[in-house]
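Visitor: Provided herewith is a single structure, encoded as structure tokens, for subsequent inquiry.
Read the figures in this text as sums done on the coordinates, not as results from a lab. From a predicted model like this one, the values you see are computed outputs, not experimental measurements. Note that we place each Cβ from the backbone using ideal geometry, even for glycine, and neighbour counts take in every protein chain shown.
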Amino acid sequence: MLRTKSQRNTLCRKCPVARVADTFGDPCALLIMHNLLGAPRRFGELEDLLGGISPRTLTKTLRRLEAKGFITRTHFKKPMRFHYELTSKGKAFQNVVAAMRAYGKAHL
């Protein structure tokens, strides 16, 4: 178990699997990516689809995914709302989600 940020950063620099696990290691990030594969979604839609997630956690995760270039956020003023959608980098994650879905159906 990695106990410090330094240990995590060292491992992530050396191992591509560790970098992916660090980015998508929490279920919220994986489910956001999964739910954005079909179409852009509003914040409230994501909140409903993720059932029970706190707005704070959802906001933090969306901001992290946006900062890493996996999603984009579009602001609409009338009515005031935000749409989130996958970037091309995010869409490339589709194969990972499909593999996880297949594994889950077959083995879990």
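Visitor: Assess whether Leu65 counts as being touching a Gly at 6+ places or on another chain (Cβ under 8 Å), of a type in the set (A, V, I, L, M, F, W, C) and under 13 Å from Glu85 (Cα atoms).
Guide: Details: touching a Gly at 6+ places or on another chain (Cβ under 8 Å): yes; of a type in the set (A, V, I, L, M, F, W, C): yes; under 13 Å from Glu85 (Cα atoms): yes.
Answer is yes for this residue.
Visitor: Now a separate question. So, in the stretch 17-33, of the ones that are out of contact with any helix residue (DSSP H, G or I) (no Cβ under 9 Å at 6 or more places or on another chain) and in a helix (DSSP H, G or I), which residue ends up surrounded by the fewest Cβ atoms within 10 Å (Cβ to Cβ)?
Guide: Val17
Visitor: Moving to a separate point now. Scanning for something touching a Pro at 6+ places or on another chain (Cβ under 6 Å) and not aliphatic (A, V, I, L, M), does the stretch 80-103 turn up at least one residue?
Guide: Narrowing the stretch 80-103 to residues touching a Pro at 6+ places or on another chain (Cβ under 6 Å): 83, 85.
From what is left, the residues that are not aliphatic (A, V, I, L, M) are 83, 85.
Yes, the stretch 80-103 contains a residue that is touching a Pro at 6+ places or on another chain (Cβ under 6 Å) and not aliphatic (A, V, I, L, M).
Visitor: Counting only residues that are of a type in the set (Val, Ile, Thr) and in a helix (DSSP H, G or I), which one in the stretch 34-64 is nearest to the chain's Cα centre (by Cα)?
Guide: Of all residues in the stretch 34-64, those of a type in the set (Val, Ile, Thr) come to 53, 57, 59, 61.
Filter once more, so that each one left must be in a helix (DSSP H, G or I): 57, 59, 61.
Values: Thr57: 12, Thr59: 11, Thr61: 7 Å.
Among residues in the stretch 34-64 that are of a type in the set (Val, Ile, Thr) and in a helix (DSSP H, G or I), the one nearest to the chain's Cα centre (by Cα) is Thr61.
Visitor: Residues that are in contact (Cβ under 8 Å) with a residue 12 or more places away in the chain, aromatic (Phe, Trp, Tyr), assigned to a helix (DSSP H, G or I) and surrounded by 13 or more Cβ atoms within 10 Å (Cβ to Cβ): does the stretch 71-94 have at least one?
Guide: Taking every residue of the stretch 71-94 in turn, none turns out to be in contact (Cβ under 8 Å) with a residue 12 or more places away in the chain, aromatic (Phe, Trp, Tyr), assigned to a helix (DSSP H, G or I) and surrounded by 13 or more Cβ atoms within 10 Å (Cβ to Cβ).
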